[in-house]
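Data first, discussion second: the structure below is written as structure tokens.
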Amino acid sequence: MNLNKNFSFEMKRAAASPKFRKIFRKLPKHVQKSFFRHIAKLPSSFPFNDPQVKKLRKPLAGFRLRIGDYRFIFDTEGDKVIFRSVATRGHSYNKKK
């Protein structure tokens, strides 16, 4: 699955960090497909009404999208969604030192 092609085709207001792209390529194909189905449904305005999207609490910043055992961490800049990281549930919220 071509991440660059799908991001530009599926959602022109979405972007992905290099870290996210690297990890995303290694995810199972069914998780990748489910991810693109979810981001296609994200509204163009806030707040997100998707029950799988939650705002993260301090000290973490941004939002998380839950798909199965995976958590996709993202921020917003204006009307653009920027995906920063993806990890399994147990590793998603670990703070880097």
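Read-outs: derived from the displayed coordinates by stated rules, not from any lab. Please read these numbers as outputs of a predicted model, since none were measured by experiment.
Please list, in chain and number order, the residues 5+ apart from V81 or on another chain whose amide H is under 5 Å from its amide H, with Hs placed from the backbone.
Those qualifying (amide H under 5 Å, at least 5 residues apart or on another chain) are A14, A15.
Expressed in nm to one decimal, what extension gain is obtained for the pair S34 and K22 from 0.36 nm per residue of sequence separation less their Cα-Cα distance?
Full extension of this stretch gives 2.6 nm more.
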